[in-house]
Amino acid sequence: MNTHAPAALPDAVSGDGRRALARFNASAAMLLLVAGGMVTSTASGLAVPDWPLSYGSWLPSMVGGIFFEHGHRMLATLVGFTILVMAVWTQWKEPRAGVRKLAWWTLFAVILQGVLGGVTVLFGLPVWVSAAHATLGQSVFCALVVTADLTGEPAPRAASAPSASLRRMGLAAVAALWTQLVLGAVLRHGGAGIRWHLMGAAVAAPLAGWFGARALLERREPELARPAGALLLLLGVQLVLGLATADFRTYPDPRADYAMIGTATTHLAVGALLLGVAVLLTFRLFRLRED
């Protein structure tokens with residue numbers, strides 16, 4: 001009789017639960033980025049002038065821009081709470097020190113993200129603080145993507161390790177895409193013209209495309225082929241959305257146009273997914289083990 005079987009069940013259940021929570025956190029963070037994008041696209045950043053309360057209340061009347069601004073705060077509170085739960089749970093059950101540190105650093109980052117959000121409101125949406133708030137939000141999303149990939153999952157195996165040049169290309173693509181999101185955040189918050197963002201795209205898009213294509217051709221493992229294919233697909237969608245958004249910016253009052261609001265917010269969301277997939281693919285290339 002196997003007397004150890006009952007004792008193994010709690011750890012298995014815990015692993016499944018943590019994996020599900022990690023994936024939920026990444027998905028919720030993606031929704032939070034969309035909600036934040038809607039705040040900017042609808043010019044609702046100062047619809048609520050106080051913080052952390054909204055007009056002195058935890059639940060104000062959800063009308064007009066208040067719906068977008070306060071709704072964003074409510075979702076941010078939920079994401080922050082679930083990341084806290086994940087950090088505590090990981091500290092309790094995760095044997096790998098690096099994963100535990102990542103969980104706590106992600107919690108610290110999301111707290112800082114909330115503080116920056118409050119500062120943007122209290123100081124009237126200063127460009128660089130608003131851009132830092134947006135950039136940190138996407139960085140937290142990437143950290144949650146990595147956490148979800150690490151939690152409860154063994155390192156993928158392959159017949160051979162990826163080449164050092166492919167791994168370096170991944171790092172370069174991630175750096176270029178992250179820089180591009182910074183330029184996009186500054187642009188969205190009125191701190192720079194579109195020229196810098198277009199110049200960033202001219203560097204980031206070919207590099208990301210080359211990386212995705214090379215990874216897809218060289219690595220046949222499903223753990224790598226799927227994110228490589230997704231990277232190429234998202235890149236194509238993002239370029240189309242970028243051109244559409246640039247065209248809408250020539251309109252006299254683009255913020256009053258629902259198509260502009262939807263396109264600009266979708267452009268932000270796909271950009272975050274593109275960066276997240278590039279981070280995931282690069283992370284897996286470094287994590288890949290030989291059989």
Does residue 13 satisfy the condition of being touching a helix residue (DSSP H, G or I) at 6+ places or on another chain (Cβ under 6 Å) and either at pLDDT below 85 or not small (Gly, Ala, Ser) (or both)?
-> no
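So how many residues does the range 233-252 have that are farther than 13 Å from residue 269 by Cβ and either open to solvent by 30 Å² or more (accessible area, probe 1.4 Å) or modelled with pLDDT under 80 (or both)?
The qualifying residues number 13.
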Within the range 73-102, of all residues that are over 19 Å from the mean Cα position of the chain (by Cα) and of a type in the set (Phe, Trp, Tyr), the one farthest from residue 38 (Cα to Cα) is 92
Taking the range 93-107 as the search range and keeping residues that are out of contact with any helix residue (DSSP H, G or I) (no Cβ under 9 Å at 6 or more places or on another chain) and in a helix (DSSP H, G or I), which one is least open to solvent (accessible area, probe 1.4 Å)?
-> 97
With respect to residue 123, is the statement that it is of a type in the set (Phe, Trp, Tyr), in contact (Cβ under 8 Å) with a residue 40 or more places away in the chain and surrounded by fewer than 19 Cβ atoms within 10 Å (Cβ to Cβ) true?
-> no
For the range 46-80, what are the residues that are assigned to a strand (DSSP E or B) and touching a residue at least 12 places away in the same chain (Cβ under 8 Å)?
-> 54
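Would you check if there is a residue in the range 112-119 being touching a residue at least 40 places away in the same chain (Cβ under 8 Å), more than 24 Å from residue 270 (Cβ to Cβ) and either in contact with a strand residue (DSSP E or B) (Cβ under 8 Å, 6 or more places away or on another chain) or not in a helix (DSSP H, G or I) (or both)?
No: zero hits.
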Restricted to the range 272-291, and to residues that are open to solvent by 20 Å² or more (accessible area, probe 1.4 Å) and modelled with pLDDT of 80 or more, which residue is nearest to residue 35 (Cα to Cα)?
-> 273
Out of all the residues in the range 18-32, which are in contact (Cβ under 8 Å) with a residue 40 or more places away in the chain and open to solvent by 20 Å² or more (accessible area, probe 1.4 Å)?
-> 19, 21, 23, 24, 30, 31, 32
Boolean, residue 90 is at pLDDT 95 or above and open to solvent by less than 40 Å² (accessible area, probe 1.4 Å) | no
Every residue from the range 173-187 that is more than 13 Å from residue 271 (Cα to Cα) and open to solvent by 40 Å² or more (accessible area, probe 1.4 Å) | 175
Here the qualifying pairs (Cβ atoms under 7 Å; residues six or more apart or on different chains; first in the range 161-189 and assigned to a helix (DSSP H, G or I); second at pLDDT below 90 and polar (S, T, N, Q)) come out as 188/40
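Quick grid of which residues meet (1) closer than 25 Å to residue 35 by Cα; (2) of a type in the set (Gly, Ala, Ser):
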residue: 138; (1), (2): yes, no
residue: 163; (1), (2): no, yes
residue: 182; (1), (2): yes, no
residue: 200; (1), (2): yes, yes
With the condition kept exactly as written, say whether any residue in the range 206-215 is surrounded by fewer than 16 Cβ atoms within 10 Å (Cβ to Cβ), of a type in the set (Gly, Ala, Ser) and more than 30 Å from residue 69 (Cβ to Cβ).
-> yes
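The values are calculated or read from the model by the stated rules, or taken from the named source; none is laboratory data. Predicted model only: the values in this text are computed from it and were never measured. As a convention, Cβ positions derive from the backbone with ideal geometry for all residues, glycine included, and neighbour counts pool all protein chains shown. Each accessible area value is taken on the protein alone, full model and side chains, heavy atoms only, with ligands, DNA and RNA left out. Shrake-Rupley method; radii C 1.70, N 1.55, O 1.52, S 1.80 Å.
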